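The next block holds one structure in the form of structure tokens; read it before the comments.
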Amino acid sequence: MSGKVVQNVFIAQFYQQNRQFGTQYQRDSCVPYMRALPPFHGGKLAWTSNSSMQMRNLLKYQNGFVNRRTFYCNAASSATAIPSLDKVDFLKLQNGSDIRGVAVSGVEGEPVSLTEPVTEAIAAGFAAWLLDKKKVDASRKLRVSIGHDSRISAQKLQDAVSRGIASAGLDVVQYGLASTPAMFNSTLTEDEAILCPADGAIMITASHLPYNRNGFKFFTNDGGLGKNDIKDILERAASIYSNFLAKGYSVKASESVKKIDYMAVYTSDLVKAVRKAAGNIEKPLEGFHIVVDAGNGAGGFFAAKVLEPLGAITSGSQFLEPDGMFPNHIPNPEDKAAMKAITQAVLDNKANLGIIFDTDVDRSAAVDSTGRELNRNRLIALMSAIVLEEHPGTTIVTDSVTSDGLTSFIEKKLGGKHHRFKRGYKNVIDEAIRLVTFIFF
């Protein structure tokens with residue numbers, strides 16, 4: 001198969017995962033975004049009026065008088081040890097447009113900061129923010145989807161997030177092991193049979209950080225939240241947590257948490273999108289050997305659920321099983337040991353291509369058949385070449401840390417324009433929207 005077809009197949013996949021703004025990939029990698037692309041699952045929702053019922057529930061929560069109704073999660077309720085409460089500086093948990101902290105004890109000098117009460121307060125803070133954002137009428141409850149990566153603290157935090165969301169009067173849908181792009185996509189999918197679209201989505205992840213860390217990424221159908229939104233959520237969480245300190249905190253089961261295998265839907269949609277982009281060919285990657293390295297994160301699905309249905313050979317793929325201790329290498333496409341592992345796998349298996357993901361599958365890099373790495377500026381250059389062939393003269397927006405060599409390649413070799421903007425994926429996305437152009441970050 002020609003390199004052109006393969007390249008177009010992969011850019012179609014990236015478009016599918018980024019057709020609306022808000023999904024973060026490797027800082028300096030090629031992650032195309034095209035404002036003109038239509039949403040795969042239809043348009044945005046219209047929101048009117050206020051939900052008085054949900055606001056009343058939330059106000060009760062914030063004032064410390066929550067009616068935590070019985071909460072069933074396919075298991076009988078049981079007594080749980082009540083965590084001790086310490087004073088917390090919530091704003092220190094902010095990491096740009098994410099929230100991150102220590103979720104597992106045992107590492108010297110790193111006390112646990114993402115306890116269950118802290119996590120529950122953060123989830124309730126997001127619920128409060130979402131109610132103010134959406135302003136739906138009283139005829140329906142808002143719905144929040146929750147997913148997580150392979151970290152060992154994932155289940156504990158998922159349960160705490162579910163309690164915080166449900167106690168504010170919102171519906172909870174758990175996806176279990178998921179990817180960050182899939183969580184965003186759940187706010188766009190329109191299929192009531194699988195409880196979509198979600199009004200908000202939470203991904204429990206700390207990206208490539210060590211096993212004892214965890215955190216949260218938040219989405220609506222407008223994309224990822226910005227720094228000011230995260231600060232707002234944390235300030236609300238601090239107020240809720242202060243009521244825990246004043247009134248007492250107890251762990252109680254939550255009500256009607258639903259569970260959906262959304263990743264099956266998401267991967268099926270990816271396959272359909274790539275087939276369509278390849279000219280409605282059933283197996284556009286037939287005979288093409290692609291090795292996947294998931295780093296024991298959440299990306300192991302990509303080999304069997306996406307590439308193989310498209311005809312690719314994936315033998316030699318490695319570290320596909322989720323393991324939150326990350327025993328083989330750090331799941332980080334910018335880590336030298338990780339890149340050495342995928343490079344060696346490509347060479348040992350004589351593969352055409354290697355793909356490596358981070359823990360929550362929102363950053364990636366590639367290795368060609370000779371072992372040459374395609375990440376950072378090289379990957380942006382590749383994607384720019386494809387975009388500018390289809391849309392001559394357009395502007396490519398990247399963050400400020402991309403190279404002068406990339407600028408020269410885009411402008412002198414390809415005839416495009418390179419617009420470098422301040423770091424932070426939300427900044428790059430917003431600037432490209434302002435320019436109505438293409439985004440790479």
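Ligands, DNA and RNA excluded, the heavy atoms of residue 301 present near 40 Å² of accessible surface to a 1.4 Å solvent probe. Under 18 Å of direct C-alpha separation, and excluding same-chain neighbours fewer than eight residues apart, residue 156 reaches these aspartates and glutamates: 116, 120, 255, 323, 360.
Only loop residues by DSSP count here, and only those with at most 15 other Cβ atoms within 10 Å; note down the trypsin sites (Lys or Arg not before Pro) in region 322-413 that meet that. Kindly include the intermediate steps, with their values, before the conclusion.
Numbers: sites: 336, 340, 350, 363, 372, 376, 378, 412, 413; in loops: 350, 363, 372.
Hits after loop and neighbour filter: 350, 372.
Filter the GluC sites (Glu not before Pro) in region 154-238 down to the DSSP loop ones having no more than 15 other Cβ atoms within 10 Å, then list what survives. Of the GluC sites (Glu not before Pro), the ones in loops of region 154-238 whose Cβ has at most 15 other Cβ atoms within 10 Å are 190.
Averaging the inverse of every distinct alpha carbon separation and then flipping it gives the Kirkwood radius. What is it for region 378-439, in angstrom units?
Mean inverse Cα-Cα distance, inverted, gives 11.4 Å.
In region 284-383, which GluC sites (Glu not before Pro) fall in coil by DSSP and have 15 or fewer other Cβ atoms within 10 Å? List each step's numbers first, then the result.
Values: sites: 286, 334, 373; in loops: 286, 334.
Those satisfying the criteria are 286.
Only four residue types carry charge here, +1 at the Cβ of Lys and Arg and -1 at the Cβ of Asp and Glu. Report the dipole size of region 378-439 about the Cα centre in Debye, rounded to the nearest 20. List each step's numbers first, then the result.
Details: 9 positive and 7 negative charges, 37 e Å.
The calculation lands at about 180 debye.
Across region 412-426, computed HN-Hα scalar couplings (Karplus, 6.51 cos²θ - 1.76 cosθ + 1.60, θ = phi - 60°) run 8, 7, 9, x, x, 10, 10, 10, 8, 10, 4, 5, x, 4, 5 Hz from first to last residue, x flagging Gly and Pro. In the structure shown, the pairs 92/227; 231/426; 133/227; 305/426 are assessed against 18 Å; a Cα-Cα span above that value is assigned to 305/426. Here the convex hull built on the C-alpha positions of region 266-375 has a volume of 92 cubic angstrom per residue.
Express as a percent, rounded to the nearest 5, the fraction of DSSP beta bridges in region 130-288 (both residues included) that run antiparallel. Around 35 percent of the beta bridges assigned by DSSP in region 130-288 are antiparallel ones. Close amide H pairs (under 5 Å, H built 1.01 Å from N) link residue 213 with 103, residues at least 5 positions away or on another chain. Per the Cα gyration tensor, region 90-260 maps to an equivalent ellipsoid with semi-axes of 23, 18, 15 Å, ordered largest to smallest. The calculated FRET efficiency for residue 408 paired with residue 247, based on their beta-carbon distance and R0 = 45 Å, is about 0.15.
I'd like the FRET efficiency for residue 235 and residue 177, computed as 1/(1 + (r/R0)^6) with the beta carbon distance as r and R0 of 41 Å, rounded to 0.05.
On the way: r = 31 Å, r/R0 = 0.75.
With R0 = 41 Å, the Cβ-Cβ based efficiency is 0.85.
Relative contact order of region 320-394, taken over Cα pairs closer than 8 Å and 6 or more residues apart, is 21 percent.
With a 1.4 Å probe and all protein chains left in place, how much of the accessible area of region 132-176 comes from carbon and sulfur atoms, in whole percent?
Working: 570 of 1220 Å².
Whole-percent figure for carbon plus sulfur exposure: 47.
I'd like to check one number: the per residue accessible area of region 378-439, probe 1.4 Å, reported in Å² as a whole number.
Working: 2980 Å² over 62 residues.
Accessible area per residue, region 378-439: 48 Å².
The residue list 228, 173, 248 was ranked by how far each Cα lies along the charge dipole of region 139-281 toward its positive end, using unit charges on Cβ atoms, and 248 comes out on top. For region 239-281 versus region 290-360, the spacing of their alpha-carbon centroids is 24 Å.
The values are calculated or read from the model by the stated rules, or taken from the named source; none is laboratory data. Owing to the predicted nature of the structure, the values given are computational and were not obtained by experimental measurement. Virtual Cβ from ideal backbone geometry, glycine too; neighbours counted across all protein chains shown. What goes into the accessible areas is simple: the full protein's heavy atoms, side chains included, and nothing from ligands, DNA or RNA. Shrake-Rupley method; radii C 1.70, N 1.55, O 1.52, S 1.80 Å.
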